[in-house]
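Let me begin by presenting the structure, written as structure tokens, before commenting on it.
Rule-based calculations on the coordinates, nothing more; no lab input. Computed from a predicted model, the values in this text were never measured in an experiment. Methodologically, a virtual Cβ is constructed for each residue, glycine included, from the backbone with ideal geometry; neighbour enumeration extends over all protein chains shown.
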Ligand SMILES: Cc1ncc(C[n+]2csc(CCOP(=O)(O)OP(=O)(O)O)c2C)c(N)n1
Ligand SMILES: [Mg+2]
């Protein structure tokens, strides 16, 4: 059923189709509509779940974790300050290997306080043990929430997963979305039957026990291994979804016009769509540029990014957040993956921070800069602040 | 017919082998309460002594499902557990949170108040040992006036806690929940009766239980019951229950003993000056007067309003 809906609606609808048992959530701009739509679904009797209207995001994540630890399929959603308030409990979700799914509407984390698109909310959570997916459009929001449960609940994975979508650009913007029929969703996503963690008086188990040094390091290794192993599962689920519904997202990354590209720009989120158009325009001028949509920051697509670097003469990474004193987080990740594997110039482009529009001309600048780097074999500028008052770009 | 001590089953659901200090009030409270709650129960504990002495991997004293997430979220986690059980066809399983006074009066109050407002179908037990014991005896909002703790030391200028104990049970009573009670490790019959009552009700149920801590209060382990009795006889601890808001004092001292008789048994009060003891006595007199008046006002709440 195709309908014109916002990214927030797509997320809420997919949660309904996933037949989540428990939802605990708290409103925050620009995620609020997800909570409101779920409230409507529940009160209209079309969504059968326990909906806990908690008093904070800390309690939202706590109740979600405990519902999942009890054995239920659990869902929540947040943004920005709300995600920061959840921080402590995010680590519990992964440490207990709970397959919670949470859309995060990426918004500025104060100060200065703002409500528009920025990824400085999710970037500090890269070490929390959650799978981190980034989406480009509302269809992908919908599809990834459903895929997320398949990935997260796979016995080889058992990790929580965030589906990151840009504030307003997706959350509040309508696009045609193919909303899944219940029978199709049920065919794709069976119900959750945990074997590793649940709270059942008929088979008592401790979930969350105080643990001495003799055991924690092994737990950390296992969680790391599961995150590594999720790469394979992400690809399998992507392929199965593509076979069933005809939409193929490419797995960990999607390459766009990379076949004979001399330079590649790595993007996250909605900027990808703008960059596709720029690639088409520059290709028409005969410039050999290509695009790599990074769909996951955790697990990090190390092999895929190394393969890209081996095929081009310069690589650039787009970031909508800054790690003060270093550079953009996506850039830090890419450089770390490429260390020792390439000699080509690597540069970082910061744009769209605080929700500023990223224009076609901004991305054109990035590609032209990359072409110059490719030609000289040197990095003109490592950290390029695009369209920033008082800063030469 | 309510349950008596001799009716309790032999079997412990919180078993021997836990690592609490000798004479730990909380351990006695939990062990006995579990006998009333029974096997069809799941437990949450936040960060506190009970978290550590009840289970340290790979050992566990709990014979029922047991869960911990963090310090400030007992009511939120218990809510998540209960709601999940509802969706898994286990509506009859009792969900109980055992939190300390710090996890309740201080850092857990926000989640607690919200769960009470939502009338979540859970039992919340606050075992009150009047300080953060797990981290080494720091003051909490529930620490009484004058008490020594490591953050309210008996210094040369300031001696002990300068502020008064927060009345958590009354805060929860103001949420209009089905059941609120106080109990004490020194009055097991009264405590078990209240737990049984709570177990057989639905909605949000709250018990605040006086749980002495020989290590933190600086008293010999063999006078736990004597201290608990003196707390009630002096009026420092009011035993009451409120079903649907109808408050009733369940044990009224015939004649209240001076607070000094309670204080002198514990090292945490040893440094108190006569002036401090007078201030505390004054506070107790007022508190007792208030509790008695509250009882009078709330006991006979019009039933036609139900
Ligand atoms: C967010 C957070 N802050 C601080 C702590 C450290 N901490 C653990 S237990 C505890 C005190 C618990 O006191 P209480 O609830 O009274 O239980 P008790 O230890 O007395 O049994 C503290 C401060 C923590 N675990 N989490
Ligand atoms: Mg305490």
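Computed quantities for the displayed model
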read-out	value
Pairwise label distance in nanometres, residue A:200 with residue B:260, each label 7 Å out on the Cα-Cβ vector	6.2
Spin-label proximity, residue A:376 to segment A:336-364 - amide N less than 13 Å from point 7 Å beyond Cα toward beta carbon	A:345-347
Spatial separation of Cα centroids for segment A:161-192 and segment A:62-140, in angstrom	16
Average beta-carbon neighbours from other chains, 10 Å sphere, peptide B:36-44	3
Mean Cβ count within 10 Å, highest first, over the residues of peptides B:210-218, A:46-54, B:191-199	B:210-218, B:191-199, A:46-54
Normalised convex hull volume, segment B:8-117, alpha-carbon set, Å³ per residue	110
Inter-chain Cβ neighbour average for residues B:52-58, partner chain, 10 Å	4
Segment A:253-385: radius of gyration and largest Cα-Cα distance (Dmax), Å	13.2, 38
In Å, descending, principal axis extents of the Cα set of segment B:5-305	60, 54, 38
Pairwise label distance in nanometres, residue B:119 with residue A:323, each label 7 Å out on the Cα-Cβ vector	5.0
Two-site FRET efficiency, residue A:214 against residue A:310, from Cβ-Cβ distance with R₀ of 35 Å, rounded to 0.05	0.25
CD proxy at 222 nm, helix term only [per DSSP H run n ≥ 4: -39500 (n - 2.57); per residue of chain A; nearest 500]	-13000 deg cm²/dmol
Relative frequency of Cα-Cα separations exceeding 16 Å in segment B:196-276, percent	60
Within a Gaussian network of chain A (alpha carbon springs, distance under 10 Å), most fluctuating of A:97, A:17, A:126	A:126
Volume of the Cα convex hull of segment A:2-245, divided per residue and given in Å³	124
Estimated FRET transfer efficiency when R0 is 60 angstrom, pair residue A:236-residue B:223 (beta carbons, to 0.05)	0.40
Relative contact order of segment A:253-385, defined on C-alpha pairs under 8 angstrom at six or more residues apart (%)	28
Residue-averaged beta-carbon neighbours from other chains (10 angstrom radius) around A:52-60	6
Interatomic Cα distance distribution for segment A:318-393, bins of 10 angstrom, percent	19, 51, 27, 3
FRET efficiency estimate (nearest 0.05) - Cβ-Cβ, residue A:391 to residue B:174, R0 51 angstrom	0.40
Contact order relative to length of segment B:1-123, as percent, for alpha carbon pairs under 8 angstrom and 6 or more apart	26
Highest average packing first - A:39-45, B:93-99, A:307-313, Cβ atoms within 10 Å	B:93-99, A:307-313, A:39-45
Extension gain (nm, one decimal) between residue B:154 and residue B:297, 0.36 nm per residue minus Cα-Cα	47.5 nm
Residue list for segment A:93-125, given a label point 7 angstrom along the Cα-to-Cβ vector of residue A:357 and an amide N cut-off under 15 Å	A:117
Relative contact order for chain A, counting Cα pairs under 8 Å that sit 6 or more residues apart, in percent	16
Structure-based [θ]222 nm, chain B - -39500 (n - 2.57) summed over DSSP H runs of at least 4, per residue, nearest 500	-10500 deg cm²/dmol
Pairwise label distance in nanometres, residue A:48 with residue B:22, each label 7 Å out on the Cα-Cβ vector	5.8
For segment B:103-154, projected area of the alpha-carbon convex hull averaged over all directions, nm²	4.0
All Cα pairs of the protein assembly as shown, percent lying beyond 35 Å	50
Listed peptides A:235-246, A:327-338, A:196-207 by packing density, highest first (mean Cβ within 10 Å)	A:327-338, A:196-207, A:235-246
